[in-house]
Amino acid sequence: MLNIILFGPPGAGKGTQSEKLIERYGLLHVSTGDLLRSEKANKTELGLLAKKYIDEGHLVPDEVVIGMIRNKLSGNLLGPGYIFDGFPRTVVQAHELDKLMTELGTEITIMVSLEVDENELVKRLLKRGETSGRSDDNEETVRKRLEVYNRETSPVASHYSRQGKLSVVNGLGTVSEIFDRICNAVSDKLKFQVG
Ligand code: AP5
Ligand code: MG
């Protein structure tokens, strides 16, 4: 299996690049942001709970997100692999994901971390906010999301760096330039594993 974590701050291009990676490698997309937004839109109990965290730019509690991931993965045991987008976002979630991968008889292949400077991130998200309808694409919430990312999420990169799985990719440029960089990082990793 090929299991990729696509990592990076809000607006780094995780969703955009996930779509292209799915096409290239036939992976199953696991985006906790998309799953939570769909729960929110359907006004489920989980969605109602998540709403206030999302709208304020805070992280939804670990146990909620982990339960959701377990549900999602238990139905899809024998796929070509997963692309994790927006998960794990805390070190606790990373430990849980590693445990879950072991239970499924597999492991994370690579974490690709997209690096984009803060000015560009804010620019992208405010532009998207003009049409996205996302409750968190406004300046105040975007700033909060970036602050939360720096404090709570960025340490997850060190967790995978210690496992020798982190690959940092420049997230500036055109979508297809960045996609090529990601594919190169993935094939380097696969070559290294085989060799
Ligand atoms: P989530 O949905 O995961 O959002 P996010 O991480 O804040 O990131 P975005 O989806 O905004 O950005 P992206 O990196 O996907 O970039 P995109 O490709 O869209 O999470 C939302 C909320 O849900 C969280 O704040 C939290 O409350 C909750 N949540 C989710 N997961 C959780 C978890 N695991 N634990 C706890 N809480 C959780 O691109 C952005 C824009 O830029 C787009 O308009 C795009 O067209 C444009 N763009 C993309 N690439 C380029 C490029 N190369 N050049 C110019 N523009 C570009
Ligand atoms: Mg996204």
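The values are calculated or read from the model by the stated rules, or taken from the named source; none is laboratory data. What you are looking at is a predicted structure, and each value in this text was computed from that prediction instead of being measured. Note that we place each Cβ from the backbone using ideal geometry, even for glycine, and neighbour counts take in every protein chain shown. Heavy atoms of the whole protein, side chains included, go into the accessibility calculation; ligands, DNA and RNA do not. Shrake-Rupley method; radii C 1.70, N 1.55, O 1.52, S 1.80 Å.
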Condition set assigned to a helix (DSSP H, G or I) and closer than 22 Å to L172 by Cα, scope region 132-141, selection modelled with the highest pLDDT: answer is E139
How many residues of region 1-30 are of a type in the set (S, T, N, Q) and more than 12 Å from ligand 2 (Cβ to nearest atom)? The answer is 1
In contact (Cβ under 8 Å) with a residue 40 or more places away in the chain and assigned to a helix (DSSP H, G or I), is that true of K144? yes
(1) open to solvent by 60 Å² or more (accessible area, probe 1.4 Å); (2) modelled with pLDDT of 95 or more; (3) not aromatic (F, W, Y); (4) not in a loop (DSSP other than H, G, I, E, B) all hold for R70 apart from (2)
Picked from region 141-168 (must be among the hydrophobic types (A, V, I, L, M, F, W, C) and under 17 Å from N3 (Cα atoms)), the residue most open to solvent (accessible area, probe 1.4 Å) is V168
Counted residues in region 11-26 being open to solvent by less than 10 Å² (accessible area, probe 1.4 Å) and either modelled with pLDDT under 95 or not hydrophobic (A, V, I, L, M, F, W, C) (or both) come to 2
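So that you can scan it fast, the table gives a plain yes or no per residue for (1) within 30 Å of E120 (Cα to Cα); (2) touching a residue at least 40 places away in the same chain (Cβ under 8 Å):
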residue	(1), (2)
F7	yes, yes
K20	yes, yes
L27	yes, yes
K40	yes, no
L73	no, yes
Y82	yes, yes
Per the filter on region 31-53, residues away from ligand 2 (no atom under 12 Å from the Cβ) and closer than 21 Å to T90 by Cβ are E39, K40, L46, G47, L49, A50, K51, K52, Y53
Quick count over region 96-125, residues being in a loop (DSSP other than H, G, I, E, B) and either at pLDDT below 95 or surrounded by 15 or more Cβ atoms within 10 Å (Cβ to Cβ) (or both), is 6
Among V116, V148, the single one that is within 19 Å of D34 (Cβ to Cβ), aliphatic (A, V, I, L, M) and within 12 Å of ligand 1 (Cβ to nearest atom) is V148
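Take the conditions out of contact with any Pro (no Cβ under 7 Å at 6 or more places or on another chain), within 8 Å of ligand 1 (Cβ to nearest atom) and either closer than 22 Å to T174 by Cα or of a type in the set (S, T, N, Q) (or both) and apply them to G86. Does it pass?
yes
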Filter result for V60 (within 11 Å of ligand 1 (Cβ to nearest atom) and in contact with a Phe, Trp or Tyr (Cβ under 7 Å, 6 or more places away or on another chain))
yes
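Look at L100 and say whether it is within 18 Å of S154 (Cβ to Cβ) and within 15 Å of ligand 1 (Cβ to nearest atom).
No, not satisfied.
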